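So the structure is just underneath, and the comments pick up after that.
The values are calculated or read from the model by the stated rules, or taken from the named source; none is laboratory data. It should be emphasised that the depicted structure is a prediction, and the values quoted were computed from it without experimental measurement. Every residue, glycine as well, gets a Cβ built from its backbone with ideal geometry; the counts of neighbours run over all protein chains shown. Surface areas here come from the heavy atoms of the whole protein model, side chains and all, with no ligands, DNA or RNA. Shrake-Rupley method; radii C 1.70, N 1.55, O 1.52, S 1.80 Å.
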Amino acid sequence: VQLQASGGGSVQAGGSLTLSCAASGRTFSGYSVGWFRQAPGKEREFVAAIKPNGGSTYYANSVKGRFAVSRDNAKNMVYLQLNSLKPEDTALYYCAAGRAILSTIATTSGYTYWGQGTQVTVSS
């Protein structure tokens with residue numbers, strides 16, 4: 001599976017962005033997809049994840065209520081809607097796919113395939 005993240009940009013606090021993750025490979029629908037982010041000088045952290053059939057979603061406490069993850073398996077696409085953005089959301093955002101289970105859904109170890117990242121910058 002190859003992943004391509006896009007949709008990042010620069011916005012003011014309170015603004016919105018929609019990130020997209022395009023996947024290649026016919027087995028994509030069988031994988032959980034996670035979004036992670038990494039700010040300069042910080043470790044990569046979990047943001048959100050969605051199970052293969054889209055029935056279950058998971059969020060970091062810091063983004064719960066502001067971000068929403070969705071997927072369209074027919075199009076091999078996963079989306080991350082970012083609302084009410086804050087300066088602390090500034091980071092390089094990555095999408096990843098893998099056979100994560102509940103205990104690994106929010107960890108990098110749950111994912112095998114990673115995209116290249118898309119930059120989100122939020123100014124105050």
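Considering only residues that are open to solvent by less than 30 Å² (accessible area, probe 1.4 Å) and small (Gly, Ala, Ser), which ones fall in region 14-24?
Gly15, Ser20, Ala23
Determine if region 4-13 includes at least one residue that is surrounded by fewer than 21 Cβ atoms within 10 Å (Cβ to Cβ) and over 18 Å from Asp89 (Cα atoms).
Taking every residue of region 4-13 in turn, at least one turns out to be surrounded by fewer than 21 Cβ atoms within 10 Å (Cβ to Cβ) and over 18 Å from Asp89 (Cα atoms).
For (1) more than 21 Å from Ser24 (Cα to Cα); (2) open to solvent by less than 30 Å² (accessible area, probe 1.4 Å); (3) among the basic types (Lys, Arg); (4) out of contact with any helix residue (DSSP H, G or I) (no Cβ under 6 Å at 6 or more places or on another chain), each residue gets a yes or a no:
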position: Val78; (1), (2), (3), (4): no, yes, no, yes
position: Leu85; (1), (2), (3), (4): yes, yes, no, yes
position: Glu88; (1), (2), (3), (4): yes, no, no, yes
position: Ala106; (1), (2), (3), (4): yes, no, no, yes
position: Thr112; (1), (2), (3), (4): no, no, no, yes
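Pairs under 7 Å by beta carbon, first residue assigned to a loop (DSSP other than H, G, I, E, B) and at pLDDT below 95 in region 1-28, partner surrounded by 14 or more Cβ atoms within 10 Å (Cβ to Cβ) and aromatic (Phe, Trp, Tyr), six or more apart or different chains?
Filtered contacts from region 1-28: Val1/Phe28; Val1/Tyr31; Val1/Tyr113.
Name every residue in region 30-69 that is among the small types (Gly, Ala, Ser), surrounded by fewer than 15 Cβ atoms within 10 Å (Cβ to Cβ) and under 19 Å from Val1 (Cα atoms), in order of residue number.
Of everything in region 30-69, just one residue is among the small types (Gly, Ala, Ser), surrounded by fewer than 15 Cβ atoms within 10 Å (Cβ to Cβ) and under 19 Å from Val1 (Cα atoms), namely Gly30.
What's the number of the only condition in (1) touching a Lys or Arg at 6+ places or on another chain (Cβ under 6 Å); (2) open to solvent by 60 Å² or more (accessible area, probe 1.4 Å) that Thr27 fails to meet?
(1)
Consider region 90-104. How many of its residues are crowded, with 18+ Cβ neighbours inside 10 Å and without any contact (Cβ under 8 Å) to a residue 24 or more places away in the chain?
Final tally of qualifying residues: 0.
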